[in-house]
1. For the range 138-176, name all the residues that are touching a His at 6+ places or on another chain (Cβ under 9 Å) and surrounded by 24 or more Cβ atoms within 10 Å (Cβ to Cβ).
2. Collect the residues in the range 112-146 that are over 22 Å from Ile98 (Cβ atoms) and in contact with a strand residue (DSSP E or B) (Cβ under 6 Å, 6 or more places away or on another chain), keeping them in residue-number order.
3. Which members of the range 260-286 meet the condition of being under 18 Å from Ala176 (Cβ atoms), aliphatic (A, V, I, L, M) and not in a strand (DSSP E or B)?
4. Return a yes/no flag: does the range 153-174 have any residue that is of a type in the set (Val, Ile, Thr) and under 19 Å from Ser69 (Cα atoms).
5. Quick check on Val184: is it within 30 Å of Ile42 (Cβ to Cβ) and at pLDDT 95 or above?
6. Any chance you could count how many residues in the range 124-148 are at pLDDT 95 or above and not in a loop (DSSP other than H, G, I, E, B)?
Amino acid sequence: MPGELKPVWKIPVGGGFSSPVVVSGKLVYLDENGRQEVAHLIDTKTGREVWNVPFADRFEDEWGAGPRSTPFFDGDRVYVQSCNGEFRCLSLADGKVIWGTSFEKDFGVKFLGSKANAGTATRRGNDGSGVIDGDSVIVPVGATDGGTLVWLHKLTGKVTWKSGDDEAAYSSPIIATLAGVRQVVYLSADSLAGYEPGDGKILWRVPLKTDAKRHACSPVIVGDSVTVNSHSFGTLCFKIVKEGDRFKAVEAWANKDLKTNLGTAVAVGDYLYNQGANRDYVCLDANTGRLKWSQPGFGQGKKDYSSTIVAGKNLLVLTEDGTLLLLAANPARYTELGRAQVCGNTWSFPAYADGKLYVRDGRQLACYMLAGAN
């Protein structure tokens, strides 16, 4: 990867920390236009906009303005979510709303913004993305009277069932098979838990309460183990065990010094790679939690975020200041293969598809061709 990359195309965008998503030559991103939060469909070859659809009121706090949840595709539809909990299913062809739901109107979750006292979704925005499972879309609503997660029919928006009493944080639910059973794993503001996809039953639950409830990472699965990280409790790993008809989560290890605030780890074999706690980038053993190596210089001042994509045997790491690094996924030592400046300060995860990287900050969205990243 050369030190200087020239974009294939570049377009201006509004504010937001949402990430672009790409499928079959189509890219969707979310931003704000000064009044509303807006969804956009882009042709990945040219950067030309096909449609844009405002779908919620604009939210802004001291960290910035605009959507923070990443959209996701399913067939001929795309699903988008605003900071204030407006969730929409849009037609991929023209952006028309197929159905929608409101976390406040339909589930009683009031969005308080900066008036809230804890760092849940009601304060900094509904940042976690939903996930498709069969005919359902599973959304982290965070209703404390029953509805931590809500299963909606993906074509109609009809509620199938609700489960849990936890507030939502900033994490996204994932689908995983643990102890031989397929389940939904979610790190809420109050716990880490596994849910039965068929009826929403909670299979196992570990209370994980922190003062600010600022749980931002998504769970990482290695075998039958789930690893999560926080600015408060550090990095924890739980092995999910089935005994008869019951499940339990057994703490496998704890690295309480590895207090990663925002980054989600990636797994390559038996090793995890992620932003560290001390403005560094780290590799740790997924089976023991022991640090293999730490590389300083991945943040200055208050910068403590980077995003990581596994690309074959390598890692694409985008730092908070917009530097793209190509690293070998090497547990023995930090091995940098290349770097380039690709955007300004960003908390948005990039998208990588067909050898192209799509990167956005608060002002522009750019497409870069990456040769040899794998």
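The values are calculated or read from the model by the stated rules, or taken from the named source; none is laboratory data. Owing to the predicted nature of the structure, the values given are computational and were not obtained by experimental measurement. With ideal geometry, Cβ positions are generated from the backbone for all residues, glycine too; neighbour counts draw on all protein chains shown.
1. Taking the range 138-176 and keeping what is touching a His at 6+ places or on another chain (Cβ under 9 Å), we get 159-160, 169-171.
Within the range 138-176, Ala169, Tyr170, Ser171 meet the criteria.
2. Just the residues of the range 112-146 that are over 22 Å from Ile98 (Cβ atoms), to begin with: 112-125, 127, 142-146.
Hits for the range 112-146 are Ser114, Gly146.
3. The answer is Ala265, Ala286.
4. Taking the range 153-174 first, the residues of a type in the set (Val, Ile, Thr) are 156, 159-160, 174.
Next cut, under 19 Å from Ser69 (Cα atoms) only: 174.
Taking every residue of the range 153-174 in turn, at least one turns out to be of a type in the set (Val, Ile, Thr) and under 19 Å from Ser69 (Cα atoms).
5. Working: within 30 Å of Ile42 (Cβ to Cβ): no; at pLDDT 95 or above: yes.
No; evaluated as a whole, the condition is false for this residue.
6. Within the range 124-148, residues that are at pLDDT 95 or above and not in a loop (DSSP other than H, G, I, E, B) number 8.
Matching residues to (1) in contact with a Phe, Trp or Tyr (Cβ under 7 Å, 6 or more places away or on another chain); (2) within 18 Å of Pro296 (Cβ to Cβ); (3) buried (at least 21 other Cβ atoms within 10 Å of the Cβ):
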{"residue": "Gly312", "(1), (2), (3)": "no, no, no"}
{"residue": "Gly322", "(1), (2), (3)": "no, no, no"}
{"residue": "Arg333", "(1), (2), (3)": "yes, yes, no"}
{"residue": "Ala340", "(1), (2), (3)": "no, no, no"}
{"residue": "Cys343", "(1), (2), (3)": "no, no, yes"}
{"residue": "Thr346", "(1), (2), (3)": "no, no, yes"}
{"residue": "Tyr352", "(1), (2), (3)": "no, no, no"}
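Residue-wise test of (1) in a strand (DSSP E or B); (2) β-branched (Val, Ile, Thr); (3) at pLDDT below 95; (4) surrounded by fewer than 22 Cβ atoms within 10 Å (Cβ to Cβ).
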| site | (1), (2), (3), (4) |
| --- | --- |
| Gly14 | no, no, no, yes |
| Val22 | yes, yes, no, yes |
| Asp31 | yes, no, no, no |
| Ala39 | yes, no, no, no |
| Val53 | yes, yes, no, yes |
| Ala56 | yes, no, no, no |
| Pro67 | no, no, no, no |
| Leu90 | yes, no, no, no |
| Ala93 | no, no, no, yes |
